Every structure is written in C-alpha cells, then in structure tokens.
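Written out below as structure tokens is the structure these notes cover.
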Amino acid sequence: MSGHPGIDPTVFGPYLTRTRWFGGKGRDFAVSDVRRLGLLGDGNPVLDVLLVELTYADDATTELYQVPLSYYTEPEHRLDHAFVGWWGDPDLGWVHAYDALHDRAATRLWLQAFGAAADGPAEVGGLVFHRTPGHDLDLEAAGTLFTGEQSNSSIAFGEDSVLKVFRKVTAGPNPDITTHEALTLADSPDVAHLYGWVEWRGLEPAAGATSSTTVHLGMLQQFLRTATDGWDLALTSVRNLYADPELAAREAGGDFSGEAGRLGDTLREVHAVLRERFETSTVPASFTAGQMHARLDAALPVAPLLAPHEAALRALFDRLAGLGDLPVQRVHGDLHLGQTLRTALGWKIVDFEGEPAKTLAERLLPDSPWRDVAGMLRSFDYAAHAVERSHDELDETALAEIRLRGAEWVERNQRYFLASYAGGDLTPDERTLVTAYTADKAVYESVYETRNRPTWVDIPLAAVARIGAST
Ligand SMILES: Nc1ncnc2c1ncn2[C@@H]1O[C@H](COP(=O)(O)OP(=O)(O)OP(=O)(O)O)[C@@H](O)[C@H]1O
Ligand SMILES: [Mg+2]
C-alpha cells in the first residue's frame, strides 16, 4: 500500500481502541499503513474513506480496517465526542477530523452517491457505487448511527434504508452483499432487500491471497421498521415462562413455538433460494466427520470437561462418516437468534457475512445447510440458560424448577423449528447430520466458554452430555 502523507499514523491507535467495533482490543499493534480510498463532498465536510493497515506485535499478522473520517476547516463542536485529530492534509489543507459515522452531514454524502448510481454503477470520488433495481431511494432521509454492539457500523437513513459500513475488510466479494443480492433478485420475503453497495477497486492481490482487487466497503439495504430482535423476543418468552410457575411452556403467554416454527419455514425458504442461485456440490461425509474429530482433538486439552463425552461424540461422528456424500451450498454460516428479526411481515434473517473467525475464502465455500439449523437449535438452548443465569436470587430448589421448565421450552421450540424446516419428521440420516452438527457446535462453545466465560461452560457441556446419552 502507498502511504497517506499528512496523517500521523499514531492518531489511529487511541481512536481504534476507543471504538465499539475494533476487534483487536487488548492486542499490541502498530498502524503500518494508511491509504486514501475515496474522497466524497467538496468541503465542510469532506468524507475521507481511509483504509488503515494494522500489524500485530504478537504474530506479525496484518488486518485492514475501513476508517471514514469527516473533515472540517474549523473545529465542529457538535462532533467533539467523535474527534479524531487535526493535521495538515497535502491536498485539502488544515483539517479537523471526526469519525464520519457520527456526522449526518458526512453520511449524507454516501447516500447522495448512491443517488448518482440510479442508472448503473457510478464512480464517485474514487469509489464505485451500485444499486439494485426496484426501490426508489429516499435521498433526503437523515442518517442515524445504530447504537448497539456491532462489529461493523450501521446508519439508518430515516425509515427508508440502512447503510452497513464494513470495518474489517478483505479483497474479494463480501458474502453479506452477494447473498443479499441473490435473495433480493429472487424477491425473497425472508431478508431485508439489498438496495446497493459501494466498493473500491485497486488493492494489489497479496501473495497467495484471493486474486480479486475489489474491496466491498458497504451495503445499503431495506430498513426494517417494525423489527424486533429474535434473541430479545426469545428471552422475553423465557422470562414470561419463568415468571409464572403454574404454567407449562405450551400454556405460557409468551409461548414461542409458533415463532420457532415460522423461523424454520423462513430458513427453509432461504436455503432453497441459495441452492438455486449459487454453486452446489457434495463433500464426502467422511471428510466432514474428520473435521469434527479434529476439532474435538483440539478442544479436549482446552476444555477437559468434554473428556467423559469423548467416546459418544466420536461414535456420532463415525456414524456421520458413513453417510456417503453430503450436499453443500451457500448458507448463512453464523446463524443464531441474534441474526433474526421479527417484523410485522414475518421473520427476516440478517448478516450473511458468515462465521467471523473464518477467512473470506473459507466463508465463501459451500457448506451444509445443517450447520445453520444446528446454530439455531443451540441458540434456543442458550436463550433459556441466559435467563436462568439472571435469576441468581433463587435458591437451589427454585433454580432446579426453572431449569426443568427451561429445558421444556428449549425442547418444544427446537422440535417446532426442526419440523417446519424439514417439512415433517427427519429421516434417520438427517437426524444424524443435525445431531453431529449440533454436537460440533457445542464442542466449539465449550472451548469458547472455557476461555472467555468459564461459569457458562456447563451450558454446552450439558448439551454434549444430552447428545451423548441419546446416541
Ligand atoms: N435491515 C435492517 N433494518 C433494521 N435493523 C437492522 C437491519 N439489519 C440489521 N439490523 C439491526 O442491526 C443489527 C446489526 O446488524 P448486523 O448483524 O447485520 O451487523 P454486524 O455489524 O455484522 O453485527 P455483528 O457484529 O453482530 O456481526 C442487527 O442485530 C439488527 O438488530
Ligand atoms: Mg456480522
């Protein structure tokens, strides 16, 4: 990368560690390069879209982060909370720089650039803007930054559209865009429709990396006005259940089984479209089972409490290995209740970026749809336990009672979700597949919890034990 004269790279260190979305917090890093990708607007503000390269001290790996700044010639006190620094820019002169996502006047420049792409891709300020047909964009809507925990940054433009600005970027197609595009072209009712995206062309392919030089920087999509987060909705249902000790899960005011069933339908429809629109193939079940064995090998030393269940897990993975060839396709890749939104018009699935820990090349590989199914099944289990954990005022007897009722809630919603997804009873092979993927996920969770939240590790361990006992 070429340097970006005028900016002292050390301004980015303190700024990055202050943001919500920076994934490298706690690690020692240096800013190894700063590059200007595009400049939007003609003054007060100018939106400078920067690509910041970080090199980590522990393993010398690098990461690229997108950092859009908004520049003013004079201090802009309404943006004091988003101040990044001030310096002399060789092209623009003296600038006071702010985090552009906090600045309505700057986010408006993105929206206006999408406006210029109404009749086809448009180059604006060095970036290329694309639109998908079918929506009349509200170009006057004011931008508001989402406040929730997020690894990217999203701006709602009124009630019309949402711009998700990707933070950690790589050269190559972002599946959040390509998957949303395919589902939008198929007029799927199960996602927020894609309205457009913005990219930058020009990254030299790194040795051994993807040959694409296009970096996807942001995605504009339908704003889901009436949306409630699926995870929050599930927690509310569990809370209602626990609040009334007389009621069984099916009688409780917050019974979730209808929603769980509709979620199963939604996922089935999404998978069907993705099967049509992307490449499909098969993977030998023995290969998939081998990967699960290998993950278990790696997990056992980290989470030794898995050991009593090792034999049962290995037997399950061996059964999977006997299933011949497994169909694989484009999937969500990181599905859980937090990736679903309930709207007045039904469930929508969001965030098709895939599993954050995987490389882009891995995330683009076709995968088994049962991985998504297993993700949802595990999420129901976590919802019940998350609420249970908030009841630390209860004595052991009362806790045992809500655990029992929570287990009933989980079993009921998993059953409704699965039956809807599969359109009836699962075949024995499908049962093996979904159980193996669920076990594999719980093994992963056991490692994650041991490392990050040791008091939660009994949640996935109990799931592993249940699977072991039933196979
Ligand atoms: N189209 C939409 N309309 C309204 N709200 C949305 C829309 N898409 C996403 N959201 C909300 O924004 C949140 C963040 O979106 P998303 O998961 O796509 O971002 P992300 O940065 O990839 O998040 P994460 O860090 O969890 O991966 C979602 O949980 C949802 O509540
Ligand atoms: Mg994401």
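Some notes on this structure:
- Checklist (1) modelled with pLDDT under 95; (2) more than 12 Å from ligand 1 (Cβ to nearest atom); (3) not aliphatic (A, V, I, L, M) applied to Ser286, failing item: (1)
- Residue check: Glu393 meets all listed conditions (1) away from ligand 2 (no atom under 16 Å from the Cβ); (2) surrounded by 15 or more Cβ atoms within 10 Å (Cβ to Cβ); (3) outside any helix (DSSP H, G or I) but one, namely (2).
- Extreme residue, farthest from ligand 1 (Cβ to nearest atom), among residues of the range 170-179 that are under 15 Å from Leu217 (Cα atoms) and assigned to a helix (DSSP H, G or I): Thr178
- Filtered residues of the range 136-171 (kept if free of Cβ contacts under 8 Å to residues at least 60 places away in the same chain, hydroxyl-bearing (Ser, Thr, Tyr) and within 12 Å of ligand 2 (Cβ to nearest atom)): Ser154
- The residue list Arg314, Arg330, Arg342 contains one member that is more than 16 Å from Phe256 (Cβ to Cβ), of a type in the set (Lys, Arg) and in contact with an Asp or Glu (Cβ under 9 Å, 6 or more places away or on another chain), which is Arg330.
- Exactly one residue out of Gln150, Gln112 is away from ligand 1 (no atom under 16 Å from the Cβ) and polar (S, T, N, Q), and it is Gln112.
- Residue-level check: of (1) more than 22 Å from Arg342 (Cβ to Cβ); (2) within 20 Å of the chain's Cα centre (by Cα); (3) more than 16 Å from ligand 2 (Cβ to nearest atom), Ser188 misses just (1).
- Pairs linking a residue in the range 4-30 that is over 28 Å from Asp91 (Cβ atoms) to a residue that is of a type in the set (A, V, I, L, M), with Cβ atoms under 8 Å and 6 or more positions apart or on different chains, are Gly24/Leu16; Gly24/Leu54; Arg27/Ala57; Asp28/Ala57.
- Exactly one residue out of Leu300, Leu320, Leu364 is within 16 Å of ligand 2 (Cβ to nearest atom) and either of a type in the set (Ser, Thr, Tyr) or in the same structural domain as Gly261 (by TED's automatic domain parsing) (or both): that is Leu364.
- The range 322-367 - residue that is closer than 20 Å to Gly290 by Cα, of a type in the set (D, E, K, R) and not in a strand (DSSP E or B) and, of those, nearest to ligand 1 (Cβ to nearest atom): Glu355
- In the range 99-129, the residues that are assigned to a strand (DSSP E or B) and without any contact (Cβ under 8 Å) to a residue 40 or more places away in the chain: Ala122, Glu123
- Applying a threshold of 6 Å to beta carbon distances and a minimum spacing of six or more residues, or different chains, the list of pairs starting in the range 86-98 at a residue that is in the same structural domain as Leu50 (by TED's automatic domain parsing) and ending at one that is buried (at least 19 other Cβ atoms within 10 Å of the Cβ) and of a type in the set (Phe, Trp, Tyr) reads Val95/Tyr71; His96/Tyr72; Ala97/Tyr71.
- Picking from residues in the range 86-103 that are of a type in the set (A, V, I, L, M) and touching a helix residue (DSSP H, G or I) at 6+ places or on another chain (Cβ under 9 Å), the one that is farthest from Asp42 (Cα to Cα) is Leu101.
- Check on Asp103, surrounded by 19 or more Cβ atoms within 10 Å (Cβ to Cβ), of a type in the set (D, E, K, R) and under 30 Å from Val162 (Cα atoms): yes
- Among the candidates Thr359, Thr340, residue that is within 16 Å of ligand 2 (Cβ to nearest atom), modelled with pLDDT of 95 or more and of a type in the set (Val, Ile, Thr): Thr340
For (1) within 18 Å of Thr471 (Cβ to Cβ); (2) surrounded by 16 or more Cβ atoms within 10 Å (Cβ to Cβ), each residue gets a yes or a no:
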position	(1), (2)
Leu404	no, no
Asp425	yes, no
Asp429	yes, no
Ala436	yes, yes
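- Qualifying residue in the range 194-201 (condition: assigned to a loop (DSSP other than H, G, I, E, B) and either free of Cβ contacts under 8 Å to residues at least 12 places away in the same chain or surrounded by fewer than 21 Cβ atoms within 10 Å (Cβ to Cβ) (or both)): no
- Of the residues making up the range 160-169, not a single one is at pLDDT below 95, touching a Pro at 6+ places or on another chain (Cβ under 9 Å) and under 19 Å from Leu217 (Cα atoms).
- Filter result for the condition that a residue is closer than 20 Å to Ala171 by Cβ and not small (Gly, Ala, Ser), over Leu92, Leu37, Leu69: Leu37
- The test for being modelled with pLDDT under 95 and of a type in the set (Phe, Trp, Tyr) does not hold for Tyr195.
The values are calculated or read from the model by the stated rules, or taken from the named source; none is laboratory data. Everything quoted here is computed from the prediction, not taken from an experiment. Here Cβ is always computed from backbone atoms with ideal geometry, including for glycine, and neighbour counts include all displayed protein chains.
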